[in-house]
1. If each residue of separation counts as 0.36 nm, what is the full-extension length gain between Ser256 and Glu343 once their alpha-carbon separation is subtracted?
2. How far apart, in nanometres, would the label points at Val163 and Phe71 be if each is projected 7 angstrom from Cα along the Cα-to-Cβ direction?
3. Take each of the peptides 99-109, 203-213, average the number of other beta-carbon atoms within 10 Å over its residues, and list them starting from the highest.
4. Which order do the peptides 14-26, 162-174 come out in when sorted by mean C-beta neighbours inside 10 angstrom, highest first?
5. Using Stokes-Einstein with the Kirkwood hydrodynamic radius over Cα pairs, what translational diffusion coefficient do you get for the stretch 3-277 at 25 °C and a viscosity of 0.890 mPa s, in µm²/s rounded to a whole number?
6. Measure off 7 Å from each Cα along the Cα-to-Cβ vector at Ser204 and Ala190, then give the distance between these two points in nanometres to one decimal.
7. Sort the following peptides by mean Cβ neighbour count (other Cβ atoms within 10 Å, averaged over residues), highest first: 240-247, 255-262.
Amino acid sequence: MAKHDFNELIGYISYYFGVIYVVIAIITLLYILPDVASHYHQVLSISTSKYAFGNIVKEPAITISIIAIFFIFIIISTGSMFSPVSGKYPSFGRSGNIVFFRLFSIAILAQLIISLFSVDLPGSAASDLFLKKPLYYQWFVMGGSVIFQSIFFQLIPISAMIVIILMARKSFSRTNFINMKIGSYGTKVAVVIAATIIPSIIFSGSVYEFVSALLTFLILNIIYLKSGFFRAFMVNFTISFISIFSELFTSMPILSDVFTVFLLVTAFIGVMSISELIPAPKLVQNTDPDQTKEDRAREYALKNRIAADMLWIRSACPSCGNVTFHVKEDGDLECTNCHHMVERNAIGDFNVHVVMKGPYSR
């Protein structure tokens, strides 16, 4: 199988696997929702420190707002995958789905690596302590964490950095802001690193937590800049809720093993997709009109050059006597005066040999 065909296959597999993960996450969300509704008062008593900052409890407005924003973001991010192919903004448009889902598989790979040590982290969503909590607690804390991380760790800081960069470059506009047109690859790398390291340091209490946060925010921020905010939110939401989904099947070994194999295959796809994190080499656009014209001339001359020993012209046009000609693409001659055409292989008295000179003659 050719390398190109193999990469296409990996891309399509990652796409369908990613869609399955999104469906599983949404089903898990809806499955636990009735339990959340029946324990509404207990949900109100959950401190914001469990998923964000502060210690605000028993505030219905905050709880309702978090749930409302959570569902709005899920609807928008899910709908983005089915928007028109010619999506105007990064989060929307099916044309970028293959790249997005390959990045998604890398995020799954990162979470599997994190899970190797996250069982020892009390605050981790994969820890035994957290997974022993009631489902409504897991549901709300997961949802609150996704909203908090997406808005306060990604949307606000990255948007602020994009605004600063665009204003410094004097290219700030609504379109440039939404499409994150901040310049070179190096600039985007700097934004990703800043948006990854700063929150990882601030909100980590141990080396394990730091590494976990670093891997999580790194891939989410890369997805943010490559595929848009709502796609990054979708990955964060999906990964959070499939961890609850996998816990629901711990009492069913066969299904649990099948899902584990599914995760490992996705992780393999993630390894094969790491190349998506490296930019493909691109031709640098030349903004100098004269140089652009020069490059076009060079390309045309090299493509259409004719051997010097094939170029013979008459000393004068047989129609009007003019002595200057244009050499056409196929080697025919056009009189510059009367535009009489002389075929390259025409029979006649030829006494002027045209020798090709200049930077494109060889």
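FYI, it's all coordinate maths here, none of it is from the lab. Owing to the predicted nature of the structure, the values given are computational and were not obtained by experimental measurement. Cβ atoms come from the backbone with ideal geometry, glycine included; neighbour counts cover every protein chain shown.
1. Full-extension gain reported as 23.5 nm.
2. Here the modelled spin labels are 3.0 nm apart.
3. Per-residue Cβ counts within 10 Å, averaged per peptide and sorted highest first, yield 99-109, 203-213.
4. Going by the mean number of other Cβ atoms within 10 Å, highest first, we get 14-26, 162-174.
5. This corresponds to a translational diffusion coefficient of 126 µm²/s.
6. 2.3 nm
7. Put in order of decreasing packing, that is 240-247, 255-262.
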